[in-house]
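Asks: Can you keep this structure in mind? I'll have questions shortly.
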Amino acid sequence: MSGVAAFELDVSTALCIGFALSFLPLASVLSKYLVPASDTRNRILFFWHAYDALTHLFIEGSFLYECFFSYTSIASGVVREPFFLGYKDRLYGAAYGSGPSARLWQEYAKADHRWASADVTVISLELLTVFLGGPAALYVCYLIYKASSPRATAAVRGAAKAKLWLIAPALATAELYGGFMTFAPEWLTGSTQLETDDPVYLWFYLFFFNTLWVWVPIWVLWEAVKELRTAFVTAENSPQPPYGYPPPQGHSPYPQQPGYGAPPPGPPPQGYYPSHGHAPPPPAPYGAPPSQGYPPPQQPPYGQHQPYPPPQQAYSRPPVPPPAPYGSHPHHQPPAGQYPPSPQYGALQGPPSAPSPGYVPGQMAPGDFRRDADVLRKAMKGFGTDEAALIQVLSRLDPLQMAAVRSTYSSHIGRDLYKDVKSETGGYFEKGLLGIIDGPLIHDATLVHDAVAGLGTKEWMLNDVLLGRSNADLNAIKAAYHHRYGRSLQKDVEDDLSAKTKELFTSVIVANRHEESMPLDPARIESEARTIHGATAGRIVNNASDNELRAINHAFQSRYNSSLEKHVEKEFSGHMKDALLHMLRTATDPAMRDALLLEDCMKGAGTKDEKLVVRIEQVKRAYYHRFKVQLADRVRAETSGDYQKLMLALLA
């Protein structure tokens, strides 16, 4: 429809456009201030609904004000039907106002003439929009804020998320319906009220300002579909009973592990690996000789699932009985000085430990992984990303299967899986996925580099990666670090540390600790237990094997009626104390070690997301045993979005 002057950008017009757009930066500031720990998707959701609420309440609210309170009188006797609000002698609408809001709608009415008058169809839609849509958008913002609050309990956050994904898609559907009912009658009658000849009015006023309420609601609906699908996928894949139900009868809360020297239960002979889709072989205990083709893992690298020995596991050769309740003395532990017979110290040792799965470059599981590669590519191809599919595929792979999937993706799809995931995801969700794709060896090398890069040292990260590891794994990490960064891991770590802590880590990185196959010497164990009481813990804890540390810990407890852990906490402080406790707990109770590390990620104000990405492991039962809270509930309360889904999928 023509008859309106061409677009002209004068001061009045610029002010109107500026006011209409001013809510965008305001909504952005609110999203960053009120949702500081959320992921990208939640911030976009908050930003949109904040802008949506401000627009409905203030801009469209001003339209209703002009329709109900701005009018001009007409001469008596002039018949105009239908008449608005029962007044036959008045014409209502923004065209008859003189204030700033009237000028705003007079400007927009150059593109859509209905907004200058009291069009009853538009008014009816705007009544719903202002009084229902605006408050609903504000409520969605409140729900996102509650779901992201570190001070809220798991129950509060869960309830907020449930309401969020009920109300947000309902609001999106209503806005799509409102947009359709606003313009469909015009399109069906020839668009007589729309100014489509001027490109600014057509593409900026009509298309841009109105299709925002088409594309974004469609995206919200798509996110709601993915959220529901992910919830059902996670529920279907979770093998544990519902929260509050006891574990199956007859099972210890911890997976049991044979004693030192017992035959390995898991590794299949002659390099056999289960067919794709079946569980990987269970790891062998400390000290078990490696079977051919599949080396037994030692200290579990981050990103792998490995059962833990029970607390204070027996260090002698006979298999241990089921563990006693946490904190009690182990069953049938011999008193100090009465160890079972073992070869004389210094006798011929067994073979050194082999690297853990994923710590031999180029090693991967056999099988056809093209279907996984296709699912991953489909999840990232085209508009948007199917985060649920990424989580479903990547969270269930062990390191050797992950290496095979990455290789298959490259050969079958012709693309780099790491680069594709990095370009399609963000935040801590991206960090978690890339850590899985890298595999434990490269991931460990990357973490050490991150720990010493830039100002300061992430001491907790050095502890997590380097302490309590087998010699074979440490040597593999050093080689991978040099290959990736062209630098010496030992020199970089030494340059970032000082004093006793530097000496400790230098000794660790040399990778010369006693192997688990080394026989125990009772006299030496007693001597170390006495010496360690003199605060020489660094040398002893660092050089001893895990099997020896368990024996020294027991001897110390018997001699001094106090745990070695309490002694270390009393005699040391700072990073040195944390490092020694980490190594001691790795030997005596690795499940509880990881439970404490995970709690450290989440206690206090806010969640240490980077720590959580690095540390999250199969420690649910140990965590509940210590803190009486389900780990999944704790993680659910401290995270959000796709990052949360990935962490929960890894715990499933």
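The values are calculated or read from the model by the stated rules, or taken from the named source; none is laboratory data. If you're wondering where the values come from, they're calculated on a predicted model, not measured in any experiment. Quick reminder, even Gly has a Cβ in these numbers, built from the backbone with ideal geometry, and neighbours come from all protein chains shown.
Asks: Out of curiosity, is Gly432 assigned to a helix (DSSP H, G or I) and at pLDDT below 85?
Replies: Working: assigned to a helix (DSSP H, G or I): yes; at pLDDT below 85: yes.
Answer is yes for this residue.
Asks: Suppose we filter the stretch 407-420 for residues that are surrounded by fewer than 22 Cβ atoms within 10 Å (Cβ to Cβ) and assigned to a helix (DSSP H, G or I); how many remain?
Replies: Qualifying residue count for the region: 9.
Asks: Restricted to the stretch 376-403, and to residues that are free of Cβ contacts under 8 Å to residues at least 12 places away in the same chain and more than 20 Å from Leu228 (Cβ to Cβ), which residue is surrounded by the fewest Cβ atoms within 10 Å (Cβ to Cβ)?
Replies: This residue is Gly382.
Asks: Please enumerate the residues belonging to the stretch 446-493 that are farther than 18 Å from Val541 by Cα, at pLDDT 85 or above and not in a helix (DSSP H, G or I).
Replies: Gly486, Arg487, Ser488
Asks: Looking at the stretch 473-482, which of its residues are buried (at least 21 other Cβ atoms within 10 Å of the Cβ) and not hydroxyl-bearing (Ser, Thr, Tyr)? Write out each step before concluding.
Replies: First, the residues of the stretch 473-482 that are buried (at least 21 other Cβ atoms within 10 Å of the Cβ): 473-474, 476-477, 480-481.
If the condition is that a residue be buried (at least 21 other Cβ atoms within 10 Å of the Cβ) and not hydroxyl-bearing (Ser, Thr, Tyr), then Asp473, Leu474, Ala476, Ile477, Ala480 are the ones that fit.
Asks: Conditions: (1) under 27 Å from Asp473 (Cα atoms); (2) more than 14 Å from the chain's Cα centre (by Cα). Leu434 meets all but one. Number of the miss?
Replies: For Leu434, the failing item is (2).
Asks: Could you pull out every one of the helices (runs of 4 or more DSSP H) wholly within the stretch 108-216 that has 2 or more residues that are modelled with pLDDT of 90 or more and within 28 Å of Tyr33 (Cα to Cα)?
Replies: The qualifying helices (runs of 4 or more DSSP H) are 134-148, 154-188.
Asks: Quick one: which of Ser31, Ser38, Ser76 is at pLDDT below 95, polar (S, T, N, Q) and part of a helix (DSSP H, G or I)?
Replies: The unique qualifying residue is Ser31.
Asks: Could I ask something else about it? Determine if the stretch 426-433 includes at least one residue that is aliphatic (A, V, I, L, M) and either surrounded by fewer than 22 Cβ atoms within 10 Å (Cβ to Cβ) or closer than 23 Å to Arg585 by Cβ (or both).
Replies: Looking through the stretch 426-433, none of the residues is aliphatic (A, V, I, L, M) and either surrounded by fewer than 22 Cβ atoms within 10 Å (Cβ to Cβ) or closer than 23 Å to Arg585 by Cβ (or both).
Asks: Another one. Output yes when any residue across the stretch 533-555 is under 37 Å from the mean Cα position of the chain (by Cα), at pLDDT 80 or above and more than 29 Å from Lys478 (Cα to Cα), and no when none is.
Replies: Yes - at least one qualifying residue is present in the stretch 533-555.
Asks: If you don't mind, there's one more thing I want to ask. Can we say Ser148 is among the polar types (S, T, N, Q), crowded, with 19+ Cβ neighbours inside 10 Å and over 27 Å from the mean Cα position of the chain (by Cα)? Walk me through how you get there before you give the answer.
Replies: Working: among the polar types (S, T, N, Q): yes; crowded, with 19+ Cβ neighbours inside 10 Å: yes; over 27 Å from the mean Cα position of the chain (by Cα): no.
For Ser148, the condition - among the polar types (S, T, N, Q), crowded, with 19+ Cβ neighbours inside 10 Å and over 27 Å from the mean Cα position of the chain (by Cα) - is not met.
Asks: Output the residues belonging to the stretch 146-192 that are under 18 Å from Asp52 (Cα atoms) and of a type in the set (Val, Ile, Thr).
Replies: Within the stretch 146-192, Ile167, Thr173, Thr182 qualify.
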